[in-house]
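What follows draws every value from the coordinates through simple rules; no lab data is involved. All values reported here derive from a predicted model rather than from experimental measurement. Heads up, the Cβs are rebuilt from the backbone with ideal geometry, glycines too, and the neighbour counts pull from every protein chain shown.
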Amino acid sequence: MTKPCLHTGWMIHRRIDHDLRGFWSAYLEYHLSGCPRCREALAALLKLKADLQNVANRETPKLAPDRWAALEAEWDKVDKD
Amino acid sequence: MLRFATRMAAGNADLASDWVQDALIQAYRSYLKLDPEPLEYFRAWMYQIIRHVAYRASGKDQRTQNVEDIDAVADSSAMAPSPFDELVGNEIDVRIRRALQALPETQRMCVVLVDMEQLDYEETSRVMGIPTGTVRSRLSRGRMKLQELLGPNFSPHQEYHS
Ligand SMILES: [Zn+2]
């Protein structure tokens, strides 16, 4: 596991969540261009996030048909009111 | 939402669907009271209600347990098969889910909500009832811990057939 530089850790996490903007975003891009360690840490975190999304996408809870029907009826009720 | 509820229901999708129904009814009642907040933060609000319903149903009283307490308690289910293990037999998925189970509850919830359910920090903060700064720190700690648990050479594609 590659740890990013101490001062850029929080920026890397916010960057992979599309939550880093302005000065800090510009600074991180500048830092990444010269820091292989942070580039590696960023790539590993991006991959972890993608893996987690893939796992979530494959998780479709199995539900008995009558449960689905009950759920849909509930939605219908909310829709109509 | 049902997926999130199922995770909270330890894999019991039928129980989860009851919770989703309860949450829906509860949400609709609040909506009728013309609480303006729900519509503005609809998704966060629905997840939050599910979380409350799930906690109430499983007998966990949130009021007596603050975030620090929850994190301090080592998860007794650590590394045990997670609720979804039997759902999909994929070895990689199983490894990732077990690693998730090993995280302290607040870290796991932040990772699940942000990385799996794709909520943003603000929404997660509302669902969890903790400040966004805390969401960010628990999330980054959770991710680092996951990387540690999954090991340096973890790669689903390489390990698929091993
Ligand atoms: Zn660096």
task: Take each of the peptides B:102-113, B:44-55, average the number of other beta-carbon atoms within 10 Å over its residues, and list them starting from the highest.
output: B:102-113, B:44-55
query: Which whole number gives the average count of other chain Cβ atoms within 10 Å of the Cβ atoms across peptide A:43-55?
result: 6
query: Which whole number gives the average, over all residues in B:123-134, of C-beta atoms from other chains lying within 10 Å of the residue C-beta?
result: 0
message: Just checking the output field for B:142-148: average partner chain Cβ neighbours within 10 Å of each residue's Cβ?
response: 5
